[in-house]
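Worksheet: one structure, shown below.
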Amino acid sequence: MSGLEKQQRAQTIVGDIINAIRDVLRKHDVTFNEYRAGFMHLIGLAKAGEVPLVLDCFLNQTICDIEMKTRQGSRSNVEGPYFLDDAPMVTDAIKVRGDTLPLLIRCQVKDLQGQPIPDVITDIWFADSNGDYSGYSEDFPKDYFRGKVTTDSDGKYAVMGSIPKEYPMAQDEDGPTGKIIELLGGQIMRPQHVHFKYLKEGYAPLTTQSYFEGEKYLNEDPVGGVFEDLTHQLKEENGVAVLDLDVVLDPAE
Ligand code: BEZ
Ligand code: FE
């Protein structure tokens with residue numbers, strides 16, 4: 001896309017967003033006091049540092065759904081605000097701590113023709129046993145509970161991690177994002193999940209998540225990220241829970 005085309009697209013999208021908001025204000029005869037209440041709420045979101053959180057909560061999955069209109073491979077899912085791109089490379093195990101239960105993550109990555117893809121760099125990140133992410137908690141260093149693995153010549157990797165705890169997507173339940181969810185009658189707990197980002201030159205980057213069959217918040221994810229094809233039955237092998245994944249990457253656009 002040329003510079004001019006980008007500018008025209010931005011003008012069209014931003015113009016349509018403003019017009020859509022104006023239409024809603026007119027449709028509901030929003031008063032000046034209501035407008036000011038919303039205005040102050042947005043200031044509160046910015047002051048609390050919750051702008052990324054509220055955007056990821058309400059809009060990230062919509063972008064994934066749009067991506068899926070032109071993809072045939074595995075489903076794209078919410079990245080969320082806790083990805084860090086400088087996670088350590090790991091081979092057999094991601095560093096964990098605290099009273100976590102082990103989770104073996106095994107995966108094979110293929111292309112649309114079913115051919116395994118070697119040398120795919122996969123970022124994996126997940127919450128600890130308190131529902132915290134490294135890099136966002138003072139309690140432990142940022143190379144815990146996240147790492148990058150690479151697929152072998154069969155497109156496979158296997159890495160030991162731990163079972164993540166479900167967590168409130170807004171850490172401050174009474175903060176401005178939590179208040180919006182409460183106002184809309186929702187709840188703030190995200191179901192247990194593991195995040196993945198698959199990167200390989202020549203293929204469309206895939207950011208996704210895996211959820212676990214039977215988990216209690218599956219049907220009320222505040223982020224709307226749970227889909228059947230992303231929800232997996234954990235197996236048990238030698239007393240260890242195993243998450244087996246088959247992932248298909250689309251070619252780069
Ligand atoms: C997450 O899964 O990390 C997440 C996604 C959206 C909002 C908050 C958290
Ligand atoms: Fe998460």
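The values are calculated or read from the model by the stated rules, or taken from the named source; none is laboratory data. None of these values were measured; they are calculated from a predicted model. Glycine gets a Cβ as well: all are built from the backbone with ideal geometry, and neighbour counts include every protein chain shown. Side chains are part of the model used for accessible areas, which takes the heavy atoms of the whole protein and leaves out ligands, DNA and RNA. Shrake-Rupley method; radii C 1.70, N 1.55, O 1.52, S 1.80 Å.
Sorting Glu79, Glu220, Glu138 by accessible area (1.4 Å probe), largest first, what list results?
Ranked list, largest accessible area first: Glu138, Glu220, Glu79.
Roughly speaking, to the nearest percent, how much of the chain's 1.4 Å accessible area is carbon and sulfur?
53
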Cα-only radius of gyration and Dmax that characterise segment 159-253, units Å: 15.9, 46
Contact order normalised by residue count of segment 31-248, Cα under 8 Å, 6+ apart, percent: 25
Three-way shape label, segment 24-166, alpha-carbon gyration tensor, a/c 1.5: oblate
Ranked order, Glu166, Glu237 - accessible area, probe 1.4 Å, largest first: Glu237, Glu166
Listed residues Thr208, Thr12, Thr231, most fluctuating in the chain (Gaussian network, C-alpha, under 10 Å): Thr12
Sparsely packed trypsin sites (Lys or Arg not before Pro) within segment 17-79, loop by DSSP, other Cβ within 10 Å at most 16: Lys69
Cα convex hull volume per residue for the chain (Å³): 159
Nearby aspartates and glutamates by direct alpha-carbon distance to Lys179 (threshold 19 angstrom, same-chain neighbours under 8 apart not counted): Glu34, Glu50, Asp56, Glu220, Asp221
Order of exposure, largest accessible area first, which applies to His195, His232, His41 with probe 1.4 Å: His41, His232, His195
Residues of segment 76-134: accessible area per residue with a 1.4 Å probe, Å²: 43
